[in-house]
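These notes are about the structure you will find just below.
What follows draws every value from the coordinates through simple rules; no lab data is involved. Please read these numbers as outputs of a predicted model, since none were measured by experiment. Neighbour counts run over all protein chains shown; Cβ positions are idealised from the backbone, glycine included.
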Amino acid sequence: MTRVHVTVDGVQYSDDIEPRMLLVHYLREVVGKVGTVIGCDTSNCGACTVHLDGASVKSCNVLAVQADGHEVTTIEGIAVDGELHPMQQAFHEHHALQCGYCTPGMIMQALDLVRENPTPSEEEIRLGLEGNLCRCTGYQNIVKAVAACASTMETSTTARPERSAAR
C-alpha cells in the first residue's frame, strides 16, 4: 500500500492505495466521484477525462500515485454552489448529448480546449475533441455547444474556489 495526498475538486484526500490503482478507479471507488466514468480502460474513448493540475488527462491512463501532491478537477467539481458551469450549461442548451456517457469527459476536454484557445474555429474544436469519442450524437451539437460557450466564457471561470473541507 502507498499513501497518496490528492486534492480533488478543492478537497484534500489522504488515502492508502495499491500502487497499481488507476486514477479513474481512485476517483470513483475511494473518493466517490462517480461522474468520472469508465469507458474503455484503454485511453481510446476519453469518457474518463479529468483535469490534473489544470490540464486534461484520461484518468484510465494515469496511476493514482502519479496524482500524489497534485490537484484533480472532475466534472463534479466545475459547478459552483449548485450552478452549472457555463460549459455544462452550453451542453444542456444545445442538446449536446444523447445517452450522456461521454459527456463528462467531453466537457472536461472542451474546457481544456477553450482554456488553450478561447476563440476556436469549428475545425479547431473538432481537432481539440478528437480524443473523446461519442457514439450517439454525430458531434454537431457538441461542436455548437463548445463554440457557444467559448464565445461567452471567460477562461477564469474554470478556476475553482478554495474549499476548506479535508478528509
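Take each of the peptides 104-112, 48-56, average the number of other beta-carbon atoms within 10 Å over its residues, and list them starting from the highest. Intermediate values should be presented prior to the final figure.
Working: 104-112: 26.4, 48-56: 21.0.
Per-residue mean Cβ counts within 10 Å order the peptides as 104-112, 48-56.
Using only C-alpha atoms and all pairs of different ones, pull out the Kirkwood radius for region 2-77 in Å with one decimal.
Numbers: mean 1/r = 0.0844 Å⁻¹.
Hydrodynamic radius (Kirkwood, Cα pairs) of region 2-77 is 11.8 Å.
Could you work out which residue, out of Thr74, Thr152, Thr119, moves most in a Gaussian network model of the chain, that is, has the largest mean-square fluctuation with Cα springs under 10 Å? Sorting by GNM fluctuation, first place goes to Thr152.
Ignoring solvent entirely, what values of log10 I(q)/I(0) come out of the Debye formula for region 86-158 at 0.14, 0.28 Å⁻¹ when each Cα is a single scatterer? Here the Debye-derived log intensity ratios amount to -0.34, -1.49. Placing pseudo-labels 7 Å out from each Cα toward the beta carbon at Asp53 and Glu122 gives an inter-label distance of 3.7 nm.
Here's the picture: charge each Lys and Arg Cβ at +1 and each Asp and Glu Cβ at -1 in the chain, and of Val11, Cys48, Ala110 the one pushed furthest to the positive end of that dipole is Cys48.
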